[in-house]
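Shown next, in structure tokens, is the structure this report addresses.
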């Protein structure tokens, strides 16, 4: 009897992550690698930025893109462009396009853009910090994982802002943090927008 109770308890504990995942229902999000600018003194966030990460030897991947996903669904869209650089940071070792083929996991986090921002992507009140693991396919035949981490204002300090990625057997594990300011050339920023929360009613 004790073994039976322990088995039931263990099965319940193992099911908790699945139950937690379902709490988001079929909520749909958009992910972006945005760029900031200043217009009439107002910070504006727009699509079209870039973000980078480094491999063990200092070689680099830079990506640009956006897409959408539903938390409890296989329906994903989006992709973008990729460029890899040798360890010297100058020599281009490859470039092309990638597409998102699946969502592995997404966890929203506390934090969002200030309401004073001019958001040209979506509703600034629906912006989110969060962490997404996306399965991607590169057009040279390789596959990998794109990790998008958004540490919007209010996010825990344990989160980072930017991306990491794998491509084939290379893991670009060391994110390059945000550079520049809204008034200058800037890179390394990410963002999530909640598009719908159909099953959360």
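Just so you know, all these numbers are worked out from the coordinates, no wet-lab data involved. Because the structure is predicted, anything quoted here is derived from the model rather than measured. Every residue, glycine as well, gets a Cβ built from its backbone with ideal geometry; the counts of neighbours run over all protein chains shown.
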Considering region 81-99, residues that are under 16 Å from residue 144 (Cβ atoms) and free of Cβ contacts under 8 Å to residues at least 24 places away in the same chain, and then whichever is surrounded by the most Cβ atoms within 10 Å (Cβ to Cβ), we arrive at 83
Quick check on region 41-53. Is at least one of its residues over 19 Å from residue 185 (Cβ atoms) and surrounded by 14 or more Cβ atoms within 10 Å (Cβ to Cβ)? no
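Residues 155, 137: which one is touching a strand residue (DSSP E or B) at 6+ places or on another chain (Cβ under 9 Å) and crowded, with 17+ Cβ neighbours inside 10 Å? If you could, list the steps in order and put the result at the bottom.
On the way: 137 fails: crowded, with 17+ Cβ neighbours inside 10 Å.
Step by step, each of 155, 137 is checked, and only 155 is touching a strand residue (DSSP E or B) at 6+ places or on another chain (Cβ under 9 Å) and crowded, with 17+ Cβ neighbours inside 10 Å.
Residue by residue through region 63-79, note down the ones that are in contact with a strand residue (DSSP E or B) (Cβ under 9 Å, 6 or more places away or on another chain) and in a loop (DSSP other than H, G, I, E, B). Let's see the steps before the verdict.
At the first step, the residues of region 63-79 found to be in contact with a strand residue (DSSP E or B) (Cβ under 9 Å, 6 or more places away or on another chain) are 63-71, 73-79.
Hits for region 63-79 are 71, 73, 74, 75.
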Spot the failing condition for residue 117; the list is (1) surrounded by 21 or more Cβ atoms within 10 Å (Cβ to Cβ); (2) in contact with a helix residue (DSSP H, G or I) (Cβ under 6 Å, 6 or more places away or on another chain), and only one is missed. (1)
Can you spot a residue in region 118-128 that is touching a residue at least 12 places away in the same chain (Cβ under 8 Å), within 13 Å of residue 31 (Cβ to Cβ) and part of a strand (DSSP E or B)? yes
Here are some conditions: (1) touching a strand residue (DSSP E or B) at 6+ places or on another chain (Cβ under 9 Å); (2) under 30 Å from residue 41 (Cβ atoms). Residue 144 meets all but one. Which one does it not meet? (2)
Across region 101-116, what is the total count of residues that are part of a strand (DSSP E or B) and closer than 23 Å to residue 45 by Cα? 4
